[in-house]
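The values are calculated or read from the model by the stated rules, or taken from the named source; none is laboratory data. Worth saying up front: this structure is predicted, and the values here are computed from it rather than measured. In this analysis, Cβ positions are derived from the backbone assuming ideal geometry, glycine residues included, and neighbour counts consider all displayed protein chains.
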Amino acid sequence: MYRSVSMDEFGQKRENLNIIDVREADEFAAGHIPGAVSMPLSGLAQGFETFKKDKEYHVICLSGGRSSMACDFLGNQGYDVVNVMGGMSAWRGDIE
């Protein structure tokens, strides 16, 4: 199980968060939230063990669909995850 936050909630506390961006590599390369880690949903099943179970992760994609699927998967593996609703489509902050 996981919880979700609105983009407003996410934006207010983003500075100290662990952010996983599950968009594909080309989408991530075109622009992402500073400090976010790229882990495309297509490779999540092979790479998720690099994350630590004692940390909370905020998961983001383009609009919220892939991040929701990633949160389902990671939550079932015992990770503390939060889905960022609206995704990068709703993001109004800085981009690298």
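Of note:
- Flag not set for residue 57, criterion: modelled with pLDDT under 95, of a type outside the set (Val, Ile, Thr), touching a helix residue (DSSP H, G or I) at 6+ places or on another chain (Cβ under 8 Å) and closer than 17 Å to residue 77 by Cβ.
- Any hit, segment 32-42, residues being free of Cβ contacts under 8 Å to residues at least 12 places away in the same chain and out of contact with any Lys or Arg (no Cβ under 9 Å at 6 or more places or on another chain): no
- Residue 90 meets all of the listed conditions (1) loosely packed, with under 11 Cβ neighbours inside 10 Å; (2) within 14 Å of the chain's Cα centre (by Cα) but one, namely (1).
- Residue match in segment 26-42 (condition: acidic (Asp, Glu), surrounded by 12 or more Cβ atoms within 10 Å (Cβ to Cβ) and more than 12 Å from the chain's Cα centre (by Cα)): yes
- Enumeration of residues in segment 32-88 that are β-branched (Val, Ile, Thr) and in a loop (DSSP other than H, G, I, E, B): 33
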